[in-house]
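Structure, as structure tokens:
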Amino acid sequence: MNDTLLLIGRVLTALVFLMTAWLGSPNAGYIGSLGLSPPALWSWIAIIAEALIVISLILGIETRWGALLGIAYVVIATALAHRYWQVPQAQFVAQYTNFSKNLAILGGLLLVYATGAGAYSVDAMRMVLLAALVIA
């Protein structure tokens with residue numbers, strides 16, 4: 001049962017990154033408004049990072065490394081884009097909500113890092129194959 005829950009948790013966490021990458025976010029316009037240059041390059045880097053995180057979490061490939069990449073990504077994104085204490089009042093609730101959401105994502109990624117992928121993953125299959133080779 002725990003392995004099934006680990007898989008569900010990995011997939012649900014990955015969906016956050018998948019949906020933003022699918023929508024092309026963060027887009028170059030928004031990144032430019034944060035003062036990063038060149039914004040198109042940073043947008044592509046963000047989309048590639050999100051894709052790597054999704055692949056790692058859903059398939060369970062190098063899952064702990066994927067979780068670490070996700071942690072770094074969320075910390076950087078939160079520090080750059082969701083400083084709710086610095087925005088005008090009209091943006092406060094949206095930025096506070098995104099900041100809080102990112103804290104929850106960080107918690108999930110820390111749990112994935114601590115527990116690993118579980119039995120339903122490429123990581124687990126690779127360990128079984130290695131064990132079989134060592135025994136043989």
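The values are calculated or read from the model by the stated rules, or taken from the named source; none is laboratory data. Since this is a predicted model, take the numbers as computed values, not measurements. FYI the Cβ positions are ideal-geometry reconstructions off the backbone, even for glycines, and counts take in every protein chain you see. The area values use the complete protein model at the heavy-atom level, side chains included, leaving out ligands, DNA and RNA. Shrake-Rupley method; radii C 1.70, N 1.55, O 1.52, S 1.80 Å.
When you go through (1) open to solvent by 50 Å² or more (accessible area, probe 1.4 Å); (2) β-branched (Val, Ile, Thr); (3) under 15 Å from the mean Cα position of the chain (by Cα) one by one for VAL93, which number turns out not to apply?
Answer for VAL93: the failing condition is (3).
Just give me the residues in region 123-136 being small (Gly, Ala, Ser), part of a helix (DSSP H, G or I) and without any contact (Cβ under 8 Å) to a residue 24 or more places away in the chain, in sequence order.
Selection gives ALA131, ALA132.
Quick one: count up the residues across region 1-24 that are in contact with a helix residue (DSSP H, G or I) (Cβ under 8 Å, 6 or more places away or on another chain) and among the hydroxyl-bearing types (Ser, Thr, Tyr).
Residues in region 1-24 being in contact with a helix residue (DSSP H, G or I) (Cβ under 8 Å, 6 or more places away or on another chain) and among the hydroxyl-bearing types (Ser, Thr, Tyr): 2 in total.
Might you check whether a residue that is outside any helix (DSSP H, G or I), in contact with a helix residue (DSSP H, G or I) (Cβ under 9 Å, 6 or more places away or on another chain) and open to solvent by 70 Å² or more (accessible area, probe 1.4 Å) occurs anywhere in region 105-122?
yes
Check off (1) surrounded by 18 or more Cβ atoms within 10 Å (Cβ to Cβ); (2) under 13 Å from VAL112 (Cβ atoms) for TRP65 and give me the number that stays unchecked.
(1)
State yes or no: is ILE55 surrounded by 14 or more Cβ atoms within 10 Å (Cβ to Cβ), free of Cβ contacts under 8 Å to residues at least 12 places away in the same chain and closer than 30 Å to MET125 by Cα?
The answer is yes for ILE55.
Which of the residues that make up region 78-97 are farther than 19 Å from PRO39 by Cβ and part of a helix (DSSP H, G or I)?
Once the filter is applied, which keeps residues that are farther than 19 Å from PRO39 by Cβ and part of a helix (DSSP H, G or I), region 78-97 yields TYR84, TRP85, GLN86, GLN89, ALA90, GLN91, PHE92, VAL93, ALA94, GLN95, TYR96, THR97.
Hey, can you tell me all the residues within region 7-32 that are open to solvent by less than 70 Å² (accessible area, probe 1.4 Å), over 30 Å from ALA124 (Cβ atoms) and not β-branched (Val, Ile, Thr)?
GLY24, SER25, PRO26, ALA28, GLY29, GLY32
Among all residue pairs at least 6 apart or on different chains, which show Cβ distances below 6 Å where the first residue, located in region 72-86, is without any contact (Cβ under 8 Å) to a residue 24 or more places away in the chain and on the phi < 0 side of the Ramachandran plot and the second is open to solvent by less than 70 Å² (accessible area, probe 1.4 Å) and not aromatic (Phe, Trp, Tyr)?
That search, which allows pairs on different chains as well, returns HIS82/GLN95; HIS82/ASN98; TYR84/GLN95.
So which residues in region 17-32 are more than 19 Å from GLU62 (Cβ to Cβ) and either part of a helix (DSSP H, G or I) or at pLDDT 95 or above (or both), if there are any at all?
Those that are more than 19 Å from GLU62 (Cβ to Cβ) and either part of a helix (DSSP H, G or I) or at pLDDT 95 or above (or both): MET19, THR20, TRP22, ALA28, GLY29, TYR30, ILE31, GLY32.
Are any residues in region 33-50 part of a helix (DSSP H, G or I) and either of a type outside the set (D, E, K, R) or within 20 Å of TYR120 (Cα to Cα) (or both), and if so, which ones?
Matches in region 33-50: SER33, PRO39, ALA40, LEU41, TRP42, SER43, TRP44, ILE45, ALA46, ILE47, ILE48, ALA49.
Identify the single condition in (1) open to solvent by 50 Å² or more (accessible area, probe 1.4 Å); (2) within 11 Å of the chain's Cα centre (by Cα) that GLY35 does not satisfy, given that it satisfies every other one.
Of everything listed in (1) open to solvent by 50 Å² or more (accessible area, probe 1.4 Å); (2) within 11 Å of the chain's Cα centre (by Cα), GLY35 misses just condition (2).
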